[in-house]
Amino acid sequence: MIRRDFLGLMGATLVGSLAQADELKHPDIWVKNEQKATFESVISRLDRVERTIGYAKFNLISFNDVLKIAKSFPRIGAFTPAEIAYIEEIFYTDPVIYGFYGKRTIQHLSDAINEKDVIKIDGTGHYVYRETSQELLLRLMKDIGPTLILTSGVRSVVKQLSLHLEKIKSENGNITMASRSLVPPGFSYHSVGDFDVGKKGWGYQNFTANFARTEEFWNLQKLSYVSTRYTVGNGDGVRFEPWHVKIV
Ligand SMILES: [Zn+2]
């Protein structure tokens, strides 16, 4: 434990210098002025889809189903050609230009999750993949106790797109900054098995560095069968995410 803590502190300095080197190589990229209106309208249309089908279902929905649902509900309205082109651009752009070096996990925008492959976890609006992810989650919930909860599970391309765009918005249009904490759609391991855990009742705090101070996190660290995807100084260019459990 002491060794890990020590490495953690060393890593923090390393991360600082890596981030600095990266800033020189890749200056921050922002949403272009001419795309701002489309950016906003995609966010609000996705939001209307989510409110129509519900939070849990939105975690799994495919791009093709989103297009169909939007078209059939007047309160959502069909995605415009400009909006579709913008979504395609986001999905197929190589995010290395944003300083993100992770691997692509989903090849096509239209790739869908087979609902038979996932299972909903009681008391959450989230799903995990059956077998591998499900077994690991149940095992660590049993080993850590009832205060450990699933905070985010399987995410379709659409869900990741929506989270990514919301993050860019909260970073005032800075795509580079947003990509460090919410990876672009097509690059998330949530789409293929990883999940996030947190401390019951902690809400948003579970997605901050404060989670690394909880007893739940330290107990997670003690389990030899658990590893964290985005460690301090990870090569993907993602911030340290103590809550994100690596599966594949
Ligand atoms: Zn995660």
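The numbers here are math on the coordinates, done by the rules we state, and not lab data. Quantities reported herein were computed from a predicted structural model and do not represent experimental measurements. Because the Cβ atoms are built from the backbone with ideal geometry, glycine has one as well, and the counts that use them run over all protein chains shown.
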Quiz prompt | Estimated dipole of the stretch 74-144 in Debye, rounded to 20 [Cβ of Lys and Arg +1, of Asp and Glu -1, Cα centre] | solution = 220 debye
Quiz item: So which lysines pass the test for Lys222, namely a Cα distance under 23 Å, with those fewer than 8 places away in the same chain ruled out?
Solution: Lys142, Lys199, Lys200, Lys246
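Under the rule a/c < 1.5 gives rounded, and otherwise a/b versus b/c splits prolate from oblate, where does the stretch 98-243 land using the Cα gyration tensor? All intermediate terms of the calculation are to be shown ahead of the outcome.
Details: a/c = 1.70, a/b = 1.22, b/c = 1.39.
It is oblate, given that a/c is not under 1.5 and a/b is not larger than b/c.
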Quiz item: Each residue of the stretch 148-153 in order: what ³J(HN,Hα) in whole Hz does its phi give by Karplus 6.51 cos²θ - 1.76 cosθ + 1.60, θ = phi - 60°, with x for Gly and Pro?
Solution: 8, 10, 7, 10, 6, x
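Which of the GluC sites (Glu not before Pro) found in the stretch 107-215 are loop residues per DSSP with 13 or fewer other Cβ atoms within 10 Å of their Cβ? Working shown, then result.
On the way: sites: Glu115, Glu131, Glu135, Glu166, Glu171, Glu215; in loops: Glu131, Glu171.
Passing both the DSSP loop test and the Cβ count: Glu131.
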Quiz item: Whose amide H sits under 5 Å from the amide H of Thr151, counting only residues 5 or more places off or on another chain, with H placed in the peptide plane?
Solution: Asp196, Val197, Gly198
Quiz item: How large is ³J(HN,Hα) for each residue in the stretch 179-194, as worked out from phi by the Karplus curve 6.51 cos²θ - 1.76 cosθ + 1.60 (θ = phi - 60°), to whole Hz, x for Gly and Pro?
Solution: 5, 6, 10, 9, 5, x, x, x, 10, 8, 6, 5, 6, 10, x, 5
Quiz item: In the stretch 91-185, which trypsin sites (Lys or Arg not before Pro) fall in coil by DSSP and have 13 or fewer other Cβ atoms within 10 Å?
Solution: Lys103, Arg104, Arg130
Practice problem: Report, in debye and to the nearest 20, how large the dipole of the stretch 2-245 comes out about its Cα centre when Lys and Arg carry +1 and Asp and Glu carry -1 on their Cβ. | Solution: 440 debye
Quiz item: From the residues Tyr189, Val96, Gln134, which one has its Cα farthest along the dipole of the stretch 2-245 in the positive direction, the dipole being from +1 and -1 charges on Cβ of Lys/Arg and Asp/Glu about the Cα centre?
Solution: Gln134
Quiz item: Which of the lysines could a cross-linker bridge to Lys36, judged by Cα under 27 Å and excluding same-chain residues fewer than eight apart?
Solution: Lys25, Lys68, Lys71, Lys159, Lys167, Lys169
Practice problem: Tell me which residues come under 5 Å, amide H to amide H, from Trp30 once H is placed; ignore anything under 5 positions away on its chain. | Solution: Ile175
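With a/c under 1.5 counting as rounded, go ahead and sort the chain into rounded, prolate or oblate using the C-alpha gyration tensor (a ≥ b ≥ c being the square roots of the eigenvalues; past the cut-off, prolate if a/b is larger than b/c, else oblate). It would help to have the intermediate numbers written out before the result.
On the way: a/c = 2.11, a/b = 1.24, b/c = 1.70.
Because a/c hits 1.5 or more and a/b fails to exceed b/c, the chain counts as oblate.
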Quiz prompt | ³J(HN,Hα), Karplus 6.51/-1.76/1.60, whole Hz, each residue of the stretch 38-51, x for Gly, Pro | solution = 5, 3, 5, 6, 5, 4, 6, 5, 4, 5, 5, 4, 4, 5
